[in-house]
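All of the numbers you see were taken from the coordinates with simple rules; none came from a lab. Computed from a predicted structure; not experimentally measured. Heads up, the Cβs are rebuilt from the backbone with ideal geometry, glycines too, and the neighbour counts pull from every protein chain shown.
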Amino acid sequence: MASQPDSRSEFEIAIVFALSREYNSVSRLVDQFWETNCGRAAGDSNAYVTGRIGDFNIVLLCLSDVGKSSAASTTACLRMIFLELKLVLLPGICGGVPSPGMGEELLLGDVVIDKTVVQYDLGKRYPERFQTKDNLDDSLGRLTKNAGNFVTSFEKDMEREKLEERAASHLAKIQTLALGKQRKTSYQYLGAIIDVLFKANYRHRHQNTSQKLCDECNGASGAACEESRRLSCKNLGCDENELLQCERLKEKQDLESSGLIKESQASYVFVGRFGSGDTVLTSGEKRNTIAKRQGVMAFKMEGARVWDEIPCIIAKGVCDYTDSHKNDLWQDFAAAPAAGVTMALIEQYPQADKPPSNKPRVGLIEDAQPGRGSVQTGSVSGSNVLTGFESSGGTQNFNFVLWSRG
């Protein structure tokens, strides 16, 4: 059985979460939780949870708030406390950039692993327009060479497919554990028929076909009222003729019809660029503009500042298409494949050989007090040591006994 770590220097991997639902999905796959209180530095308000996944001691940390500024302060403390971290992972959910009819189509429940992160809201405000900064890679932290090579390896079909297979196994385990405990969240696949993608310029608002005629939604400005943002596409009468068709969704529907649910819920893994900003993006047209200009495949609010403080690997499940029709329906399921990919990444991450520890193990048998002695045992250079300490009348005497371990 693995032993509990003695110090913070023994933790090599940290997993950072923006939402509790992201933590919940990953925590089901942790092999063992430690009861160790790692302590905190002055001014550090983080609540650290520690455990073990495979041979790695890990730290789990939830951000105190969503957004770039919260991510920066939280991860800065993490970096200051755990000095020996080799890998930081940021799993969870994100908005995706769909690509219907273009090669491997990205769908809800797929997972995007980052190569780089760009801040799409960083730039210059001119009187007539806002000009985003196009070359952003140098403004953010960079992955270490080992982590960068590790991520790049999944651009190869064979390595990515192996990752997808392991992730699918972990997803099935999450679903089984959740059902066994009869949790409210079961992480079950919702079905391809619910994975809907509207044209980028078709907005989520009261339509002419809906029961309620809304002057604001049907005005010339194209705006949407606040009530419409809280209602489903069905309640608003969003036109299904405005949906885009995806070949992968048809394949998934065929698998479901044949009762092959495990195969139909299988997620693809994509390696690409994340866009990060301080606001939630809910515009299909804006999404496509940013994606085309900066090569963004997915969007998440806290990604840039976590990356800036600690170079990390982001692995997010797509829960919406970053348009006005987005809702929370897919969030729990999308978090589960991302958790599966995170576990698969940890399993495949190469662990460096560790030299045998030469640090002495010291055990205090009796505390020293004036007029009394104390005895400590330990090891030095392969031999056992018995140290005697005695204090009396202002005189201190030290006695050492050294013998071989044989």
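What is the Å³ per residue value for the convex hull set by the Cα atoms of the range 1-53?
Given the Cα convex hull of the range 1-53, per-residue volume reads 94 Å³.
Between D328 and T185, what length in nm is gained on full extension when 0.36 nm per residue of separation is reduced by their alpha carbon distance?
Result: 50.2 nm gained on full extension.
Set the Förster distance to 22 Å, then compute FRET efficiency between I194 and A47 from the Cβ-Cβ distance, nearest 0.05.
After rounding to 0.05, the efficiency reads 0.05.
Based only on other Cβ atoms within 10 Å, what is the fewest-to-most ordering of I261, I13?
I261, I13
Return S257, S153, S228, S25 ranked ascending by Cβ neighbour count within 10 Å, so the fewest neighbours appear first.
S257, S153, S228, S25
Could you order peptides 32-38, 50-56 by the average number of other Cβ atoms within 10 Å of their residues, highest first?
50-56, 32-38
Quick one: V280, V111, V151, fewest Cβ neighbours within 10 Å first, how do they rank?
Listing V280, V111, V151 from fewest to most nearby Cβ atoms yields V280, V151, V111.
Could you rank the peptides 263-269, 41-47 by their average count of other C-beta atoms within 10 Å per residue, with the highest value first?
Per-residue Cβ counts within 10 Å, averaged per peptide and sorted highest first, yield 263-269, 41-47.
E227 to K173: extension gain in nm, 0.36 nm per residue of separation minus the Cα-Cα distance?
Value of the extension gain: 15.5 nm.
What is the Cα radius of gyration of the range 15-116 over 2.2 N^0.38 Å, N being its residue count?
Relative to the rule-of-thumb radius for its length, the range 15-116 sits at 1.25.
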